[in-house]
Ligand code: BGC
């Protein structure tokens, strides 16, 4: 069973270097570190990204999450031969640079430990087996641990080990850090630095335990501890390197705290730190593991996506959130999108509710940015930014990077993808329904929900005897600045209707909070009447004859291109046709009407036949050009009883990061695809929902070959275990 917890690379795949750097990432909800090698490798992209540390480089359009100093470097010389993975054409007898004889790397997702074993021959002929291990402690988020073991197979080599922290780091060439303070003394090396524009300070310190005399030296920006010793045949040496990290987001004195912590942690030692780290992971998995019997690939994929959500999820900080690419790469500059609330958050709401609350509090603390955005656009209430960083102000760039022909494309999402206001509100209500966390709702959630409703009240346009909403981008971003996106208009109706339910609840259960919010948000009777009017008269584009929702009026006048004709393909249809042409076609980037069905399902108030018609209309037009798309299609296909397609889409979603089927995993994990996969299983295949009487129910449609699925969720503070057998569901056992 153990291997269903393990991701493995065997043998070394240099051509997948950057893909593997991303998927083998370690992290602990405070930071993540890409799986770059201790000894380095040409063109590798080492990165440690720490939640909340953004910086705006001069000339850049927007701020980005900053690459922290690299804590990984450990260089090893065996009889003078520098250990590295590059080998020349291998001449086993006379290797000039040494020879790599064996390689295997595993990520144990059960305990968050990355391990690499290599067999290496030095030019003198000495052969060693090297085992590298690392983890980012889940027990103490400021502690990072590495161990290297050297086993002598042949020869009696002299070993030199140099361990450093590297402050000379960049984000795609740009160096964000300045004001360095590099020190080395008494077997301790450290680096302090400050981001140049935002002024965040960082402090990191390392200590090493190894044979030989340890010498610490401050070379430039790479303080190093080195040691030298000789090993006999069959002898083993162990080198432990413990590193600590603090930023000015945690403490006034990050460098001093890092130094103090490293002494404490090094005293405990690697083994003790590992025991505590594993114990924390056990707790995590005890709440979050989904077990699938009958499909090993699905089992691995589900653990993989959950692992990546858990290492990105801030456990002790409610002023940060999970970026679209988690903390595993530079893609989207570490910015936070709707991906978090509609794709990642539900998984946490159900299995780690305190973390889900942190993520929602991030939005609460950033309401001022959302209010600024609404006001700057001439509206009331709160309009959350499409892309958000540390300040909560809009951080979507207005222009793309230069295209192959040198031109830049205007990015409209920051202006027009306003549905994020409702997506966040949806997540607030979903969190409340599942957790029953009334306190959060009263103090924070209701304010988010109602002030985003205020925004829509001021945004809807009274036109043609009804309400319309112009200039929007729905989830399908290929069609920009359209009028009356059915996704947007219908979700707004849901938002305003739910605002009335919420106000009612507050009136009956939290009268003083209700009064406070009515005053603060100016929820006058006139405003509420206006909302009622919008609910009654909102234009919901619908084709009565075809009995389908219309994605937006005019959509079907565009050129029809059946997307399946382009199969098999590895590129999106948009990449094949180009931006300007795609915009003029009916090719849809991702679930849009399908997303509307997923989110509202029963509340949509249409028949099963209409839902099926919608599916049959939009599915063949969908490019899945966004990684968010396949999982949502799995969920909906499963609810519609389209079992084969549901499983096909499930596999597509499961492979996005594991197989790099979009070719961009080098930029980071697709966080929304990870969360989406879990939603697809829980809400789709298992059909988990809260019924009208407030009870948890399942309406399972497991893929034919799945024997059973087991999982636990928290519901209103209690943990409930489910085992769903195929085809009959067994009721909750706890
Ligand atoms: C998708 C968006 C998503 C963003 C970040 C885009 O390609 O279309 O829906 O929010 O990526 O993942």
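So what is the relative contact order for the stretch 3-285, in percent, with contacts set as C-alpha pairs under 8 Å and at least six apart? All intermediate terms of the calculation are to be shown ahead of the outcome.
On the way: 715 pairs, mean separation 47.0, N = 283.
Normalised by residue count, the contact order of the stretch 3-285 is 17 percent.
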Extension gain residue 403-residue 718, at 0.36 nm per residue separation less the Cα-Cα distance, in nm? 108.2 nm
Report, to the nearest 10°, how far helix 296-312 tilts away from the longest principal axis of the Cα atoms in the chain, using its own Cα long axis and a range of 0 to 90°. 90
Cα gyration tensor category, rounded, prolate or oblate, for the stretch 475-517 with a/c compared to 1.5: prolate
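Once Rh for the chain is found with the Kirkwood sum over Cα pairs, what is the Stokes-Einstein diffusion coefficient at 4 °C and 1.567 mPa s, in µm²/s? List each step's numbers first, then the result.
Numbers: Rh = 27.1 Å.
Roughly 48 µm²/s, to the nearest whole number.
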When 712, 209 are ranked with the fewest other C-beta atoms within 10 Å first, the list becomes 209, 712
How much length would be gained if the chain were fully extended between residue 569 and residue 4, taking 0.36 nm per residue of separation minus their Cα-Cα distance, in nm to one decimal? 200.4 nm
Multiplying the sequence separation of residue 251 and residue 129 by 0.36 nm and subtracting their Cα-Cα distance, what value in nm do you get? 39.8 nm
Hydrodynamic radius (Kirkwood) for the stretch 3-285, which is based on Cα pairs only, to one decimal in Å: 19.3
Could you check the simple spin-label distance between residue 504 and residue 705, using points 7 Å along Cα→Cβ, in nm with one decimal? 4.8
In whole µm²/s, the translational diffusion coefficient that Stokes-Einstein assigns to the stretch 168-218, given a Kirkwood hydrodynamic radius over C-alpha pairs, 4 °C and 1.567 mPa s, equals 104
If you take the square roots of the eigenvalues of the alpha-carbon gyration tensor of the stretch 480-578 and sort them as a ≥ b ≥ c, do you get rounded (a/c under 1.5), prolate (a/b over b/c) or oblate? prolate
For each of 643, 451, count neighbouring Cβ atoms within 10 Å of the residue's Cβ, then give the residues from fewest to most. 643, 451
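If we count other beta carbons within 10 Å of each Cβ, what is the order of 710, 36, 485, fewest first?
Numbers: 710 16, 36 22, 485 32.
Least to most surrounded, the residues fall as 710, 36, 485.
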Two pseudo-spin positions, 7 Å from Cα along C-beta at residue 174 and at residue 186, lie apart in nanometres by 4.0
Per DSSP helix of 4 or more residues, -39500 (n - 2.57); summed, then divided by the residues of the chain. What does that give at 222 nm, rounded to the nearest 500? -10000 deg cm²/dmol
Before anything else, pin down the relative contact order of the stretch 1-132: Cα pairs under 8 Å, at least 6 apart, normalised by residue count, whole percent. 22
For the pair residue 296 and residue 275, the simple spin-label estimate (label points 7 Å beyond Cα toward Cβ) gives in nm 3.4
Compute the separation of the alpha-carbon centres of the stretch 592-629 and the stretch 325-389 and state it in Å as a whole number. 24
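Give the relative contact order (percent, whole number) for the chain; include only Cα pairs under 8 Å separated by 6+ residues.
Numbers: 1630 pairs, mean separation 83.1, N = 734.
Relative contact order here is 11 percent.
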What is the P(r) of the stretch 674-719, as percent of Cα-Cα pairs per 10 Å bin from 0? 23, 54, 21, 1
Can you bin the stretch 131-252 into rounded, prolate or oblate? Criterion: square roots of the alpha carbon gyration tensor eigenvalues sorted a ≥ b ≥ c, rounded for a/c under 1.5, prolate for a/b above b/c, oblate for the rest. prolate
Suppose R0 equals 45 Å; then what is the FRET efficiency for residue 461 and residue 354 from their Cβ-Cβ distance, rounded to the nearest 0.05? 0.65
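Here, each number is a calculation from the coordinates, and none is a lab measurement. These numbers come from a predicted model, not from an experiment. Every residue, glycine among them, receives a Cβ derived from its backbone with ideal geometry; neighbour counts consider all protein chains shown.
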